[in-house]
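Working notes for the structure below.
The values are calculated or read from the model by the stated rules, or taken from the named source; none is laboratory data. The structure presented is a predicted model; accordingly, all values stated were derived computationally and were not measured. We place every Cβ from the backbone using ideal geometry, glycine too, and count neighbours over all the protein chains shown. The area values use the complete protein model at the heavy-atom level, side chains included, leaving out ligands, DNA and RNA. Shrake-Rupley method; radii C 1.70, N 1.55, O 1.52, S 1.80 Å.
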Amino acid sequence: MIAAPYVTFVTYARNDGYTPGYIQRVRRAMQCLAGQLDRAGVDAEIIITEWNPPPDRPHILEVVNLPKALKHVSIWGVIVGAEHHAGFAGAAERGFHAGEAANIGLRRARGRFVVPKSSDTFLSAQTIERIARRDLDVDTMYRVCRHDVTITDEHIWGLDDEALLAAFATLPSSINAMITQPAEWDIRDLHTNACGDFMLMSGAYWHYLRGYPRDPSVLVLDGDSLIMHAAAALGVRECRWPDDCRIYKPSHGNLANERVKQVWRRWQRWLDRILSEKVDAQAAYWARKSFNYPRREVRGVESVLGPSIERNFVVPATRWAHGTMPEQTQPANWGLAEVPLERRVLCRAEWDAALAFDGPGSAGLQGAASS
């Protein structure tokens with residue numbers, strides 16, 4: 001029987017000075033995760049997608065300074081060149097495509113269970129303990145809340161893993177708690193808030209859904225929420241772990257929800273107000289989805305105007321809530337499966353000694369949902 005990891009963590013990064021102290025946060029987050037998994041005895045792999053690396057800076061994979069030898073954890077990276085980024089709308093303004101970067105790792109993940117996460121987030125000890133029980137269900141998706149912590153003392157990065165996580169638990173934070181969906185949306189009530197930072201699900205379902213949905217622009221709006229609702233349409237149950245199971249994210253001025261703003265035209269505000277006051281919320285929602293407003297703008301990518309949340313997210317989520325099966329928006333070779341991308345093995349676990357890194361990875365396909 002071929003050895004394989006129980007869980008794969010997929011993360012992604014680019015050394016572009018995204019925010020001050022980014023490299024330090026990424027380095028410490030990856031070191032912490034690898035150490036936690038190894039000490040807990042979880043056979044795991046961490047895949048790092050380096051997307052469109054700037055030619056004038058060292059690769060993330062060269063500066064993260066991760067362990068070279070661990071018993072239970074393999075760490076390896078995939079480098080995706082600029083030619084694969086150039087075709088997306090807004091590529092000249094933003095050098096990163098989070099959805100496609102995640103899909104590179106998702107396609108190659110060998111774990112029975114797979115969870116994508118941002119490169120600078122930290123998992124609480126209780127979250128790792130839950131995974132270490134090895135009792136995850138293949139038909140369940142697991143969620144935890146993200147806590148955005150405010151860090152004012154940079155000496156925190158010098159703490160060991162246990163002390164660092166204990167410090168996070170005491171820092172001022174903003175909790176991305178579950179948001180009850182508006183009744184007029186008529187969709188499943190799932191905990192989609194910040195789900196892109198922790199949504200653990202069987203690799204079989206990730207492969208069946210072909211990763212995150214296709215977005216022709218670098219905006220990558222609503223992809224993580226769409227995945228949750230698509231999985232639920234296939235019969236995957238949601239399980240929300242207790243509050244002490246958390247993912248911590250150091251706050252900075254470039255968080256996704258702070259970059260996105262709605263763009264209203266005068267007639268749209270007028271129509272929305274009239275329908276809301278004179279008719280009802282359902283009528284206002286109907287107009288938003290029918291005429292695709294308010295559109296959305298992402299700071300730094302002014303050349304691209306994204307669709308409204310009603311058109312992009314609520315419309316398909318409503319269909320799926322009423323029995324329509326989710327469509328696969330990615331091609332069969334999603335995640336650049338046929339492209340011979342450069343791979344770098346940073347750390348090979350004992351269980352991984354005999355495994356090759358050829359091909360996009362198919363371990364998660366066994367037992368996949370039938371079409």
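Restricting attention to the chain, close to 40% of DSSP beta bridges with both partner residues there are antiparallel.
What shape does the range 287-346 take by its C-alpha gyration tensor, where a ≥ b ≥ c are the square roots of the eigenvalues and a/c under 1.5 counts as rounded, a/b above b/c as prolate, and the rest as oblate?
Details: a/c = 3.37, a/b = 1.47, b/c = 2.30.
It is oblate, given that a/c is not under 1.5 and a/b is not larger than b/c.
The peptide list 198-207, 79-88, put in order of mean Cβ contacts within 10 Å with the highest first, becomes 198-207, 79-88.
Among rounded, prolate and oblate, which fits the range 202-249 when a ≥ b ≥ c are the square roots of the eigenvalues of its C-alpha gyration tensor, a/c under 1.5 means rounded, and a/b larger than b/c means prolate? It comes out oblate by the Cα gyration axes.
From largest accessible area down, sort Trp51, Trp267; use a 1.4 Å probe on the protein chains.
I get Trp267, Trp51, largest accessible area first.
For a label point 7 angstrom out from the Cα of Arg237 toward its Cβ, which stretches of the range 322-355 have the backbone nitrogen within less than 16 Å? Taking a point 7 Å out along Cα→Cβ of Arg237, no residue of the range 322-355 has its backbone N under 16 Å.
Cα gyration tensor of the range 135-288, axes a ≥ b ≥ c as square roots of the eigenvalues: rounded (a/c below 1.5), prolate (a/b > b/c) or oblate? Cα axes put the range 135-288 in the oblate bin. Charged neighbours of Gly211, selected by a Cβ distance under 10 Å, balance to +2 (K, R count +1; D, E count -1).
The list (i) 20.5, 68; (ii) 23.6, 80; (iii) 25.4, 105 gives values of Rg and Dmax of the Cα atoms in Å, and only one came from this structure; which label was calculated from it? So the structure-derived entry is (i). Taking θ as phi - 60° and the Karplus parameters 6.51, -1.76 and 1.60, the scalar couplings of the range 300-311 work out to x, 10, 6, 7, 10, 10, x, x, 5, 5, 5, 6 Hz in sequence order, x denoting glycine and proline. Backbone amide hydrogens, once placed in the peptide plane, bring Leu200 within less than 5 Å of Tyr142, excluding anything fewer than 5 places away on its chain. Legend: residues Thr121, Thr150, sorted from most to least accessible area (1.4 Å probe; ligands, DNA and RNA excluded), read Thr150, Thr121. Taking a straight Cα-Cα cut-off under 28 Å and skipping sequence neighbours fewer than 8 places away in the same chain, the lysines within cross-link reach of Lys261 are Lys117, Lys249, Lys278, Lys289. Per residue, the chain exposes 44 Å² of accessible surface when a 1.4 Å probe is rolled over the protein heavy atoms with every protein chain present. In this simple spin-label model, placing a label point 7 Å from the Cα along the Cα-to-Cβ direction at both Asp56 and Arg299 gives a separation of 2.4 nm.
Mind checking the full-extension length gain between Arg265 and Arg344? Use 0.36 nm per residue of separation minus the Cα-Cα distance, one decimal, nm.
Working: separation 79, 0.36 × 79 = 28.44 nm, distance 4.85 nm.
Between Arg265 and Arg344, full extension yields an extra 23.6 nm.
Shown for the range 1-78: the carbon plus sulfur share of the solvent-accessible area, taken with all protein chains present and a 1.4 angstrom probe, equals 54%. Net charge in the neighbourhood of Gly87 (other residues with Cβ under 13 Å of its Cβ; Lys, Arg +1, Asp, Glu -1) is -2.
Summing Lys, Arg as +1 and Asp, Glu as -1, what charge do residues with Cβ under 10 Å from the Cβ of Arg108 carry, Arg108 excluded? Could you put the intermediate results ahead of the total?
Values: positive: Arg107, Arg110, Arg343; negative: Glu45.
So the surrounding residues net to +2.
Applied to the range 189-196, the Karplus parametrisation 6.51 cos²θ - 1.76 cosθ + 1.60 on θ = phi - 60° returns per-residue 3J(HN,Hα) values of 8, 10, 7, 8, 4, 6, 5, x Hz, with x for Gly and Pro.
Using R0 = 56 Å, the C-beta based FRET efficiency linking Arg214 and His155 works out to 0.85.
Only helical DSSP H runs with n ≥ 4 go in: add -39500 (n - 2.57) per run for the chain, normalise by residue count and round the 222 nm mean residue ellipticity to 500 deg cm²/dmol. Walk me through the numbers before you get to the answer.
Numbers: 11 runs with 104 residues, N = 371.
After summing the helix terms and dividing by the residues of the chain, the value is -8000 deg cm²/dmol.
Accessible surface comparison of Thr140, Thr152, probe 1.4 Å, protein chains only, largest first: the order is Thr152, Thr140.
Hey, what's the Cα Rg ratio for the range 198-337 versus the globular rule of thumb, 2.2 N^0.38 Å? Don't jump to the answer; show the numbers that get you there.
Numbers: Rg = 17.4 Å, N = 140, 2.2 N^0.38 = 14.4 Å.
Rg over 2.2 N^0.38 Å, computed on Cα atoms: 1.21.
3J(HN,Hα) couplings calculated from phi for the range 237-244 with the Karplus curve 6.51 cos²θ - 1.76 cosθ + 1.60 (θ = phi - 60°) are, in sequence order, 8, 9, 10, 9, 6, x, 4, 6 Hz; Gly and Pro show x.
By a 1.4 Å probe calculation restricted to protein chains, Lys289 has an accessible surface near 60 Å², given to the nearest 10.
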